[in-house]
Amino acid sequence: MGFFKKLFGGLKKTAVAVTSGIAAIFTKTFDDEFYDDLETVLISADLGVAATEKIIADIKQKVKAEKIKTEEELKRRLAESIAEILGDEKPEIVDPTVLMVVGVNGVGKTTSIGKLANLLKQDGKSVLLVAGDTFRAAATEQLTEWSERAKVRIVKQGAGADPASLVFDALTSMKAKHEQVTIIDTAGRLHNKTNLMAELQKIDRVVDKVMPEANYHKLLVIDATTGGNALSQVEYFNEAVGLDGIILTKLDGTAKGGIVVAIKQQFNLPVWYVGVGEQLNDLVPFDAVSFAAGLVGIDA
Ligand SMILES: Nc1nc2c(ncn2[C@@H]2O[C@H](COP(=O)(O)OP(=O)(O)O)[C@@H](O)[C@H]2O)c(=O)[nH]1
Ligand SMILES: [Mg+2]
């Protein structure tokens with residue numbers, strides 16, 4: 001199955017909510033009541049207040065200028081406005097790349113890393129995984145299983161090992177073996193938040209020191225089913241380590257996939273990849289135009 005089909009499949013619940021919402025409120029009069037209702041539909045899909053207001057202002061202008069009449073035309077214009085907010089920045093994996101993957105417990109970090117390793121491997125990259133969540137023994141086992149599925153190398157140690165020195169060892173061997181991409185898994189929970197952030201910052205310093213030449217990106221994993229709380233996670237991790245992008249997981253399990261629009265509007269952080277299921281192939285590179293089309297239920 002192609003990426004677009006997978007993305008559309010993952011967006012299904014959100015798309016159904018948005019399109020049935022639009023169908024229910026659509027009138028040809030475009031009065032204040034209609035715009036209020038449209039606002040409710042978009043907010044319900046978690047696009048956030050700021051982005052929703054921008055989209056509504058856009059649509060009002062387009063309705064005036066272009067004499068929009070049909071529901072289909074409205075959806076096309078909506079998709080355009082949403083795609084514009086999302087931007088067209090694409091993840092660029094240029095060798096050598098180091099990705100540090102952060103996020104709270106259970107959002108799908110380890111799973112996404114496994115899927116991403118597979119995706120990059122299929123693109124012909126040599127990939128190395130680092131089991132940096134040493135807080136729980138099970139985390140290392142889980143990443144080891146993914147490394148076997150994706151057929152990539154993994155660097156790991158026992159539970160309780162220092163993640164920063166693990167990263168040091170991993171990057172040293174990555175350089176020696178001329179591997180192209182290293183992906184670092186991290187803990188989502190430690191004894192307290194201050195500890196966790198200090199640990200991530202320590203890993204961060206090691207990457208900068210050992211591989212200043214690397215294309216180093218920090219990706220936050222967000223669970224699409226969490227709703228508005230995701231925004232405070234973005235704020236928190238962004239302050240701690242400075243984020244470059246988002247991996248949005250569990251899109252398949254929610255009608256609130258609009259959260260990525262809210263994140264882009266509020267933090268100007270692009271989505272790099274989207275998780276649409278639990279299997280090895282269920283991660284797709286993000287595409288703003290397809291996502292926006294899928295969200296309002298039209299063909300890209
Ligand atoms: N449906 C669905 N489940 C996912 C997705 N990504 C991760 N999961 C599930 O979320 C759970 C937590 O994932 P895990 O990778 O262990 O999260 P971590 O604690 O952040 O490392 C697991 O049961 C995964 O199978 C996704 O895109 N869709
Ligand atoms: Mg994990």
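For this structure, a couple of remarks:
- Residue count for the stretch 225-239, restricted to those that are in contact (Cβ under 8 Å) with a residue 60 or more places away in the chain and of a type outside the set (S, T, Y): 5.
- Residue check, A150 in contact with a Lys or Arg (Cβ under 9 Å, 6 or more places away or on another chain), within 16 Å of ligand 1 (Cβ to nearest atom) and over 16 Å from K209 (Cβ atoms): yes
- From V296, V284, V289, V261, residue being touching a strand residue (DSSP E or B) at 6+ places or on another chain (Cβ under 8 Å) and either at negative phi or aromatic (F, W, Y) (or both): V284
- Exclusive hit being surrounded by fewer than 19 Cβ atoms within 10 Å (Cβ to Cβ) and either free of Cβ contacts under 8 Å to residues at least 24 places away in the same chain or closer than 16 Å to M100 by Cα (or both), set S173, S165: S165
- Within the set G9, G2, the sole residue that is over 26 Å from L231 (Cβ atoms), at pLDDT below 95 and small (G, A, S) turns out to be G2.
- Total residues in the stretch 139-156, condition touching a helix residue (DSSP H, G or I) at 6+ places or on another chain (Cβ under 8 Å) and loosely packed, with under 15 Cβ neighbours inside 10 Å: 3
- Among residues that are closer than 13 Å to F3 by Cβ and in contact with a strand residue (DSSP E or B) (Cβ under 6 Å, 6 or more places away or on another chain), V274 is included.
- Hey, L143 hydrophobic (A, V, I, L, M, F, W, C), away from ligand 1 (no atom under 12 Å from the Cβ) and assigned by TED's automatic domain parsing to the domain that holds I184 or not: no
- Taking the stretch 219-259 as the range and being within 16 Å of ligand 2 (Cβ to nearest atom) and under 20 Å from G114 (Cα atoms) as the test, the residues that pass are L219, L220, V221, I222, D223, I247, T249, K250.
- Filtered by the rule that a residue be in a loop (DSSP other than H, G, I, E, B), more than 16 Å from ligand 1 (Cβ to nearest atom), surrounded by fewer than 24 Cβ atoms within 10 Å (Cβ to Cβ) and touching a residue at least 60 places away in the same chain (Cβ under 8 Å), the stretch 245-294 gives P270, D287.
- In the stretch 75-118, of all residues being more than 16 Å from ligand 2 (Cβ to nearest atom), out of contact with any Pro (no Cβ under 8 Å at 6 or more places or on another chain) and part of a loop (DSSP other than H, G, I, E, B), the one that is nearest to A131 (Cα to Cα) corresponds to P96.
- Of the residues examined, K64 is one that is outside any loop (DSSP other than H, G, I, E, B) and surrounded by fewer than 17 Cβ atoms within 10 Å (Cβ to Cβ).
- Residue, modelled with the highest pLDDT, within the stretch 108-140, restricted to residues that are over 21 Å from the mean Cα position of the chain (by Cα) and within 11 Å of ligand 1 (Cβ to nearest atom): A138
The values are calculated or read from the model by the stated rules, or taken from the named source; none is laboratory data. Note that the structure is predicted; figures quoted are calculated from it, not measured. With ideal geometry, Cβ positions are generated from the backbone for all residues, glycine too; neighbour counts draw on all protein chains shown.
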